[in-house]
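The values are calculated or read from the model by the stated rules, or taken from the named source; none is laboratory data. Quick caveat, the model's predicted, so the values are computed rather than measured. Ideal geometry is used to build each Cβ from the backbone, glycine not excepted, and the neighbour counts take in all protein chains shown. All accessible areas refer to the heavy atoms of the entire protein, side chains included, with ligands and DNA or RNA removed. Shrake-Rupley method; radii C 1.70, N 1.55, O 1.52, S 1.80 Å.
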Amino acid sequence: MNHYLLSLILGIVEGLTEFLPVSSTAHLRITEALLHISLEDGYWKMYTIVIQLGAILCLPVYFRSRIAKFISTFPKGESGDRTALTHPLGLTAVAFLVTAIPAFLMTKIIGKHLENLSIMGWALLAGGIVMWIVDALNASSEAAGPTAPKSRIHTWKMEAMSLGQAIWIGACQILSAVFPGTSRSMSTIAAGQLAGMSRASALEFSFFLSIPTMVAATGYDLLKSVMGKGENPIGVSQINAEGWIVLAIGFVVSFIVAYGSVAWFMAWVRKHGFVPFAIYRIIVGALVLLFTATLGG
């Protein structure tokens, strides 16, 4: 297949799945397997990192007004009752550190699992079931709204989050780092809902948390790759003109598609739940396990 067309397809897949709770890692690995892309090739490993970075950079653009507001109200917050630690920016930093430190220490374990389709299949399946149950538990409270008595939900806006909620969400995000297919967004959204957050507030915090998490992860991997370090590295000097164009196509396409995906998802969640995504995960997970069983047979 033409490399430019291949880059277009992979950029679309990354942009569509990076922020939906369906696991972009699993979808990229499945697509790469179907298109016979060698994951032992250092260039395609670096390509995957580049398009992930393209997708994640759409968030500062999309949330620019929210970010500006948070910066202007730091550290006391809009109501004046926050500290540097409990302000939304502080909570994002806390959740990031809770995830980043253990994930960095488990780098070798994470690397071994990244291409394992069987693990991805089980993670997709289990994550879909968990997401379905959690969303169903909160469905009646979501429908009743913030004024309803005895609601399971007590945090309707990101600004009202607690330190404990941030630590809990950060801890749950570790699962997505260790088990590809779990989905970073699924683990953080479901964790937030379990901690009493509304769908919209859990989703928004998931987006904010993904900015430092994914920039740090992809930036670190990209630096190792271009510096000629790590597993199957490729130096910048080894990339020809066509290779740079392929990278640029994937980066731009993933950015544009991810931006549209985030805008659509935020609007969807305010009116609907996560059940359709849970069902999709279960179906895809079952198909992946069937596929790996067939290969094994």
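Annotations
- Phi angles of the range 79-94 translate, via the Karplus equation with coefficients 6.51, -1.76, 1.60 and θ = phi - 60°, into HN-Hα couplings of 8, x, 10, 10, 10, 4, 7, 9, 5, x, 5, x, 5, 5, 5, 4 Hz per residue; Gly and Pro are given as x.
- Note on exposure: ILE119, ILE71, ILE189 ranked by accessible area (1.4 Å probe, complete protein assembly) read ILE71, ILE119, ILE189, with the most exposed listed first.
- Cα-based Rg of the chain normalised by 2.2 N^0.38 Å, two decimals: 1.01
- Translational diffusion of the range 6-123, µm² s⁻¹ [Kirkwood Rh, Cα pairs; Stokes-Einstein; 20 °C; 1.002 mPa s]: 127
- Whole-percent carbon and sulfur share, accessible surface of the chain, 1.4 Å: 70
- Its Cα centre serving as origin, the chain has a Cβ charge dipole (Lys and Arg +1, Asp and Glu -1) of approximately 700 debye.
- Residue (of GLY170, ILE211, ILE245) at the positive-pole extreme of the chain, dipole from beta-carbon charges: GLY170
- A Cβ-based charge dipole, computed about the Cα centre of the range 1-139 with Lys and Arg at +1 and Asp and Glu at -1, lands at about 420 debye.
- Candidates TRP244, TRP156, TRP132: whichever shows maximal mean-square fluctuation once the chain is modelled as a Gaussian network with Cα springs under 10 Å: TRP244
- Against the chain, whose longest principal axis is taken from its Cα atoms, helix 163-178 shows a tilt of about 20°.
- For the chain, built as a Gaussian network whose Cα springs stay under 10 Å, the top-fluctuating residue of SER198, SER141, SER185: SER141
- By accessible area with a 1.4 Å probe, ligands and nucleic acids excluded, highest first: order of SER38, SER201: SER38, SER201
- For the chain, modelled as a GNM whose springs connect Cα atoms under 10 angstrom apart, the maximal fluctuation among ALA123, ALA160, ALA241 occurs at ALA241.
- Listed residue (ALA143, ILE283, ILE133) projecting farthest to the positive dipole end of the chain, Cβ model: ALA143
- Across the options HIS36, VAL61, ILE51, the greatest Cα extent toward the positive end of the charge dipole of the range 2-77 (unit charges at beta carbon of Lys, Arg, Asp, Glu) belongs to VAL61.
- For the peptides 257-268, 142-153, the ranking by packing is 257-268, 142-153, with the highest mean count of neighbouring Cβ atoms within 10 Å listed first.
- Solvent exposure of the range 1-151 as accessible area per residue, Å², 1.4 Å probe: 48
- Among the lysines of the chain, pairs at least eight places apart or on separate chains and with Cα atoms under 29 Å apart come to 13.
- Between ALA84 and LEU34, residue separation times 0.36 nm minus the direct Cα-Cα distance comes to 13.3 nm.
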